[in-house]
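The next block holds one structure in the form of structure tokens; read it before the comments.
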Amino acid sequence: MKIMVYEGPRVLKIREVPDYESPGPNDARIQTMYSGVSHGTEIGIYRGTAPNYTKINDGEYRLFRPARGGAWQYPIRSCDPGVWYMGYANVGRVVETGAAVTRVKAGDVVSVSAPHQSMVLQNEWGCLKLPDGCDPVIGVFWPNLMTTYNGILDTHIKLGDTVVIAGLGVLGQMLVQMATMNGAFQVIGVDVNQRRCDIALKNGATAVLNPKTTADVALEVRKMTDKRGADEVIDVSGHYASLNESIRMVAPDGIVTALGWYNGPASALNLGEEFHHNRVTLKCSHTAALAPSLANAWTQERRAENCYRLLQRLNFADLTQNVFPYEKAAEVYDRIDKGDETLIQAIFKY
């Protein structure tokens, strides 16, 4: 089978290794068809800037703690245990199942959280069978759907609210549609990439703002909201400058949900101005957890059921235009790293 190997920062190779042996009793062996690149999370890994290179995430204390050599050492292989950061949006066909597996069978097309490689082993409970008639490539958006759904729940959008979505990549395009479904009357998209802005308008945004052509985005948002500011802002850009602008855009006592993964020092973040004087609430949301006030009713299973429906309702047409052979992975990552604005979602085909 073919796997990815990081030999160093920005040094990515495709290698062949022996196939996985037969699955365990509760596992499925899956031949990959497509996998989607996370332009945020994975690029931090690609550049070697993710904290795992210098620190270990101490699960007992819930702290990243300095460690000699860090958690990862080069070369890093996609098939190594715990290296889910090298891809987590994999779609494939089940070719073999363990003796105890009942949820999937050979021939099923499933979405799994697994790396970019031509074959994976997955516990049956980690396999989502795609709806009948669903284009398999759509399945690469399943992990992102779970992330954005948590973001919607954490943000507490109310009927009639004005919501700003800062960052109009894959997650942002989903959030524009989901915020509207959730009752927002005004959904304003913000991004420096005009193509992304145009797609957001197609996906239901009532307005878009491009910081390259708008001198003060926060001021414009306030002009569009009778000087109040947005009721909520979801920042999914992964950039501190955008997070700082999100704090400036939100109304006093409003909520900014940080849904992106931010790398490096927060040199562009200023907490002495609007954040302090407007009593802004800044909260983190991600796919692995939900606020305790919601978690009891909104179980993982319930959220998955709703995302299964959303997989069939949201518009993904403009997000599936950039499909590349898996063998071109190094070239694709280089283009994303250099800010190629034509790529919103890069997808590998096997």
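With respect to the cross-link table entries Lys55/Lys349; Lys158/Lys227; Lys13/Lys349; Lys212/Lys328; Lys2/Lys338; Lys105/Lys328, which display a Cα-Cα separation exceeding 27 Å?
Details: Lys55/Lys349 33 Å; Lys158/Lys227 19 Å; Lys13/Lys349 16 Å; Lys212/Lys328 31 Å; Lys2/Lys338 25 Å; Lys105/Lys328 31 Å.
From the list (Lys55/Lys349; Lys158/Lys227; Lys13/Lys349; Lys212/Lys328; Lys2/Lys338; Lys105/Lys328), the Cα-Cα distance tops 27 Å for Lys55/Lys349; Lys212/Lys328; Lys105/Lys328.
Kindly write out, for region 133-140 in residue order, the coupling ³J(HN,Hα) from the Karplus curve 6.51 cos²θ - 1.76 cosθ + 1.60 (θ = phi - 60°), rounded to whole Hz, with x marking Gly and Pro.
x, 6, 4, x, 5, 5, x, 5
Report the Stokes-Einstein translational diffusion coefficient (µm² s⁻¹, integer) for region 1-129, Rh taken as the Kirkwood radius over Cα pairs, at 10 °C with viscosity 1.306 mPa s.
Numbers: Rh = 15.6 Å.
Value of D from the Cα-based Kirkwood radius: 102 µm²/s.
Just want the ordering: Cys284, Cys134, Cys307, from fewest to most Cβ atoms lying within 10 Å of their own Cβ. Could the numbers behind the result be given before it?
Numbers: Cys284 12, Cys134 15, Cys307 21.
Ordered from fewest to most neighbouring Cβ atoms within 10 Å, Cys284, Cys134, Cys307 come out as Cys284, Cys134, Cys307.
Going by C-beta contacts inside 10 Å, put Phe324, Phe348, Phe316 in order with the fewest on the left. Numbers along the way, then the final one.
Values: Phe324 16, Phe348 26, Phe316 19.
If I rank by nearby Cβ atoms, fewest first, I get Phe324, Phe316, Phe348.
Rounded to the nearest 0.05, what FRET efficiency do Glu7 and Ala71 have when you use their Cβ-Cβ distance and R0 = 25 Å? Before the final figure, lay out the partial values.
Values: r = 17 Å, r/R0 = 0.69.
In this case the efficiency is close to 0.90.
Expressed as a whole number of Å, what is the distance separating the alpha-carbon centroids of region 1-71 and region 304-350?
18 Å
Run the quick spin-label model on Leu219 and Asp337: label points 7 Å from Cα toward the beta carbon, then report their separation in nm to one decimal.
Spacing of the two 7 Å Cα→Cβ label points: 3.9 nm.
With 17 Å as the cut-off, how large is the P(r) tail for region 198-244, expressed as percent of Cα-Cα pairs?
Working: 452 of 1081 pairs.
That fraction is 42 percent.
Rg and Dmax of the chain, using alpha carbons, in Å: what are they?
Computed over the Cα atoms of the chain, radius of gyration and Dmax are 20.4, 63 Å.
Show that you can apply the helix-only estimate: for the chain, add -39,500 (n - 2.57) for every DSSP H stretch of four or more residues, divide by all residues, and state [θ] at 222 nm to the nearest 500. Let's see the in-between values first.
On the way: 10 runs with 87 residues, N = 350.
So the helix-based figure for the chain works out to -7000 deg cm²/dmol.
Please list, by residue number, every one of the trypsin sites (Lys or Arg not before Pro) in region 18-62 that is coil in DSSP and has at most 13 other beta-carbon atoms within 10 Å. Don't skip to the end; give the middle numbers.
Details: sites: Arg29, Arg47, Lys55, Arg62; in loops: Arg62.
Answer by residue number: Arg62.
What list do you get for Val217, Val187 if you sort them by fewest beta carbons within 10 Å? Don't jump to the answer; show the numbers that get you there.
Details: Val217 20, Val187 26.
Least to most surrounded, the residues fall as Val217, Val187.
Could you compute Rg(Cα) / (2.2 N^0.38 Å) for region 144-294, with N its residue count?
Values: Rg = 13.8 Å, N = 151, 2.2 N^0.38 = 14.8 Å.
In units of the globular-protein estimate, region 144-294 measures up at 0.93.
Where a number appears in this text, it was derived from the coordinates with a stated rule and is not lab data. None of these values were measured; they are calculated from a predicted model. No Cβ is skipped: glycine too gets one built from the backbone with ideal geometry, and neighbour counts run over all protein chains shown.
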